[in-house]
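The values are calculated or read from the model by the stated rules, or taken from the named source; none is laboratory data. All values derive from a computational prediction rather than experimental measurement. Please note: Cβ atoms are built from the backbone with ideal geometry, for glycine as well, and neighbour counts cover all protein chains shown. These area figures cover heavy atoms from the full protein model, side chains too; ligands, DNA and RNA do not enter into them. Shrake-Rupley method; radii C 1.70, N 1.55, O 1.52, S 1.80 Å.
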Amino acid sequence: MTQTINRGALFNASCLALITTAFSFSIRAGILPQLGDSFGLSAEQLGFINSMWFFGFPISMILGGIFYHKVGPANIMRIAFVTHTLGILMTIFADGYTTLLISTLFIGFGNGCTEAACNPLIADMYSGSTLNKMLNRFHMWFPGGIVIGSLVSKFMTDSGMAWQSQVWVMMIPTIAYAVLFFGKAFPKPQVEGATSLGSNLKAMISPVFIFLFFAMAFTAISEFGPQQWVGLIMGASGASPMLILALTTGVMAIGRFFAGPVVKALGQTGVLLGGSIFAALGIFLFSTVTGPLAYVAAFVFAIGVCYFWPVMVGAVAQRVPLSGALGMSIIGGIGMFSTAIFQPFIGGWIDQARASNSAAGLAGDALELAAGQETLQKILIFPGILIVLFIIFFIWQKGSKPATSAAH
């Protein structure tokens, strides 16, 4: 007996799973200073803890992409639930640096399972312009969840609540998505050949996929670098770090909700090029302004990074259709893997900037502000590289149209 596919329930469950990912990102960003104080950790050590979040992500994404059609999205999401739960509980009861590394790795693994299952799941339920719209609306809940998580973290921190209490909040969407996915039928792949690993690998040798592979490494760090470190980098700017994060991700969520007309008007290549320019401008403003103007910088930065992730995934789905679920997972995986690699570097940049500015006689908030701004100036190189890459891609792909249907 064939079960009816409840697209609404599957899509909503996918969004709740992504909210879990968002909570793990924003709440961890909010409690980062408290973790440093509680366990006596340096910024570089906090960077390695952050990197576990991004390192676990690509491992499970790539594995999920390879075995998607063997294991199925339902089982991948069961693994996500188990690893999310383990990671959250281990964080709450952590006794030091090593436990935090392992717990963050588990959470990252669960987050990668969510992307590995839900991107192709959505691509199997929709096609054409509707696919672009629904992928953006799905990915809307990453920044949307960060807004909620940031405000929850700020409220709980300002109320003097322990960081462990904030981590418990992550269990709410975790349990919710597990309940909503339970017992549902899942769709079958739409495009012939998409389930063949050989066809997937052959498609991924194409010049377009290889270009998107390298570009994704820089789009991801341009988005996640400033956001994950907002508490330490912007803490002495005169603006609330968590409000900056909430504003940034709030603008991103709204932008992704209305992504359909924007992508239709500018095209995928135009959106990516414009985004890289605004991202560079936003990070430059972050590195130079203080006080209320930091919120203006946040708005510009958000416009820049708003469409990076969903449009890159959509570009793979529509421009390299036979890469299938594996192609989408590989693209997301390289984004998170590159971010994992750069997290300790960013932490090291902060430590170096503190040391050099301290030697120059700065102290207190003046020292933290100078160190944060100096670090942001180094981060600026990432969107700078993207501007060059996406100018090339815009010219290269001019006149070509993405496939009307995605393979997964």
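Flag set for F278, criterion: in contact (Cβ under 8 Å) with a residue 24 or more places away in the chain and closer than 15 Å to P383 by Cα. Among the residues making up the range 347-384, those that are touching a helix residue (DSSP H, G or I) at 6+ places or on another chain (Cβ under 7 Å), more than 19 Å from E44 (Cβ to Cβ) and open to solvent by less than 60 Å² (accessible area, probe 1.4 Å) are L380, F382, P383, G384. Might you check whether a residue that is closer than 24 Å to A371 by Cα, open to solvent by 20 Å² or more (accessible area, probe 1.4 Å) and in contact with a Cys (Cβ under 9 Å, 6 or more places away or on another chain) occurs anywhere in the range 299-316? There is no residue in the range 299-316 that is closer than 24 Å to A371 by Cα, open to solvent by 20 Å² or more (accessible area, probe 1.4 Å) and in contact with a Cys (Cβ under 9 Å, 6 or more places away or on another chain). Might you check whether a residue that is among the acidic types (D, E), over 25 Å from V82 (Cβ atoms) and either in a helix (DSSP H, G or I) or in contact with a helix residue (DSSP H, G or I) (Cβ under 8 Å, 6 or more places away or on another chain) (or both) occurs anywhere in the range 102-121? No; the residues of the range 102-121 include none that is among the acidic types (D, E), over 25 Å from V82 (Cβ atoms) and either in a helix (DSSP H, G or I) or in contact with a helix residue (DSSP H, G or I) (Cβ under 8 Å, 6 or more places away or on another chain) (or both).
Per-residue answers, yes or no, for (1) in contact with a Phe, Trp or Tyr (Cβ under 8 Å, 6 or more places away or on another chain); (2) over 22 Å from I76 (Cα atoms); (3) not hydrophobic (A, V, I, L, M, F, W, C):
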| position | (1), (2), (3) |
| --- | --- |
| E115 | yes, no, yes |
| P120 | yes, no, yes |
| K154 | no, yes, yes |
| G160 | no, yes, yes |
| V179 | no, no, no |
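Could we say that A246 is modelled with pLDDT under 85, open to solvent by less than 20 Å² (accessible area, probe 1.4 Å) and closer than 27 Å to A74 by Cα here?
no
Could you check, for the range 286-294, whether at least one of its residues is more than 30 Å from T130 (Cα to Cα), open to solvent by 20 Å² or more (accessible area, probe 1.4 Å), in a helix (DSSP H, G or I) and of a type in the set (S, T, Y)? Looking for residues that are more than 30 Å from T130 (Cα to Cα), open to solvent by 20 Å² or more (accessible area, probe 1.4 Å), in a helix (DSSP H, G or I) and of a type in the set (S, T, Y), one finds none in the range 286-294, hence no. Among the residues of the range 201-219, those identified as assigned to a helix (DSSP H, G or I), under 24 Å from L322 (Cβ atoms), at pLDDT 90 or above and not β-branched (V, I, T) are P207, F209, F211, L212, F213, F214, A215, M216, A217. Restricting attention to the range 346-384, the residues that are in contact (Cβ under 8 Å) with a residue 12 or more places away in the chain and under 30 Å from I205 (Cβ atoms) add up to 3.
In the range 147-185, the residue that is most open to solvent (accessible area, probe 1.4 Å) out of those that are in contact (Cβ under 8 Å) with a residue 40 or more places away in the chain, part of a loop (DSSP other than H, G, I, E, B) and closer than 19 Å to N6 by Cβ is K184. Per the listing L273, L247, L326, L322, the residue uniquely aliphatic (A, V, I, L, M) and in contact with a Leu (Cβ under 8 Å, 6 or more places away or on another chain) is L326.
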